[in-house]
Amino acid sequence: MAVRRRVDGIGSPQQLQAALSGAQYLADEALATAGYLALALGKPLLLEGFPGVGKTEAAKALASVLARRMIRLQCYEGIDAAAALYEWNYPRQMLAIRQAGDDQFDLYSERFLLARPLLESLRNPAGTLLLIDEIDRSDHEFEAFLLEFLSDFTISIPETGTVRAHVHPVVVLTSNRTRELHEALRRRCVYNWIDYPAPEQEARIVAARASSVAMETARAVAKSVERLRAEPLVKPPGVAETVEWAEAATLLHQQGGPWPEAFRRSIGVALKSQDDLLHVEDRIDSLLPSEVL
């Protein structure tokens, strides 16, 4: 396997970490190292972690850093190859046949082809970043199909021929680990587990993404979210919810509401399940950001 020391201007894990920070994504050393190795070795990057920890955002930031168009394949239960590769626009073909009459035309020309994410990822001469999001929601058959695609980055279209990537896409796969992925796919990838950030790291993320939030408030909210995540919640707040809660409470406070009331009134930004709201209702004061109350 050929090792490329510099890919799209990235020559080290430290350089990638700094570049991601410039794209407002604060990656730790482990993620920056895994990302760099995936680029240098030409392997897919597999990111696993709980929902809301920033896996998809990491792919978006990487695409920004590499100046590549991001193409997203959102996986779901029952997804098949046609939804990922291409389809022919049969209604448009039938309409063209009726309009053509006795005239001859190519029924399988480009204008009738509906390119799906995998085909789109191969056709950009400048290269793309292909995000295969929530691969764990698909079935094992689709996972095996993806493994074949990732081995050679070609798509065979019987009616027109084979499409090959001029520049191999950078591939990022994400998984919420709702099921175990096949070992063959794991072996193909560089792996990294993304955990919830430590409170100080999460506070820096809030400060980077929400300019209206004071650092003191960001730290207090991050500590409060850490306490909430320790509860047996249906949907623990992710990093995005932390940022949004800090923004929402700050907005209400700026409108004249005291901090305790601002955080209580905006709790629905952090917790988005009635069961979770009822679970914390009797102890809400002990879970709120006491550092700014």
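The values are calculated or read from the model by the stated rules, or taken from the named source; none is laboratory data. Everything numeric here is computed off the predicted structure, so don't read it as measured data. Reconstructed Cβ throughout: ideal geometry from the backbone, glycine too, with neighbour counts over all protein chains shown. Each accessible area value is taken on the protein alone, full model and side chains, heavy atoms only, with ligands, DNA and RNA left out. Shrake-Rupley method; radii C 1.70, N 1.55, O 1.52, S 1.80 Å.
The C-alpha atoms of the chain define a longest principal axis, and helix 90-100 lies at about 40 degrees to it.
Taking Cα atoms only, the orientation of helix 239-254 departs from the longest principal axis of the chain by about 50 degrees. When nucleic acids and ligands are ignored and a 1.4 Å probe is applied, Arg283 ends up with an accessible area of around 90 Å². Each listed q (0.19 Å⁻¹) maps to a log10 I(q)/I(0) for the range 166-293, found by the Debye formula over equal Cα scatterers with no solvent: -1.00. Exposure check, 1.4 Å probe, all protein chains in place: Thr154 carries approximately 40 Å² of accessible surface. Per-residue packing, averaged as other Cβ atoms within 10 Å, sorts the ranges 160-170, 54-64 into the order 54-64, 160-170, beginning with the highest. Take Trp259: with every protein chain present and a 1.4 Å probe, its accessible area is about 50 Å². According to the Cα-based calculation, Rg over Rh for the range 51-93 is 1.14, with Rh computed by the Kirkwood formula. Converting phi to 3J(HN,Hα) with the Karplus coefficients 6.51, -1.76 and 1.60 and the offset θ = phi - 60°, the range 174-190 yields 10, 8, 8, 6, 6, 8, 7, 7, 5, 4, 4, 6, 4, 5, 6, 10, 8 Hz in sequence order, with x at every glycine or proline. Within the chain, the ratio Rg/Rh, alpha carbon atoms throughout and Rh by Kirkwood, equals 1.07.
Normalised by 2.2 N^0.38 Å, with N the number of residues, the alpha-carbon radius of gyration of the range 1-155 equals 1.28. Put simply, the amide H of Thr128, placed in the peptide plane, has neighbours under 5 Å in Val170, leaving out anything fewer than 5 places away on its chain. Heavy-atom accessible surface of the chain, averaged per residue, reaches 50 Å², computed with a 1.4 Å probe. Per residue of the chain, the DSSP helices (runs of n ≥ 4 H) give a summed -39500 (n - 2.57) that works out to -13500 deg cm²/dmol at 222 nm. Counting Lys and Arg as +1 and Asp and Glu as -1 over every other residue whose Cβ lies under 10 Å from the Cβ of Leu150, the net charge comes to 0.
Computed from Cα atoms, the angle from the helix 215-229 axis to the main principal axis of the chain rounds to 80 degrees. Short-range pairs are left out: with C-alpha atoms under 8 Å and at least six residues apart, the relative contact order of the range 84-209 is 26 percent. Between Val7 and any residue 5 or more places off or on another chain, the built amide H atoms are never under 5 Å apart. Nonpolar atom fraction for the chain, defined as the carbon and sulfur part of the 1.4 Å probe accessible area, stands at 51 percent.
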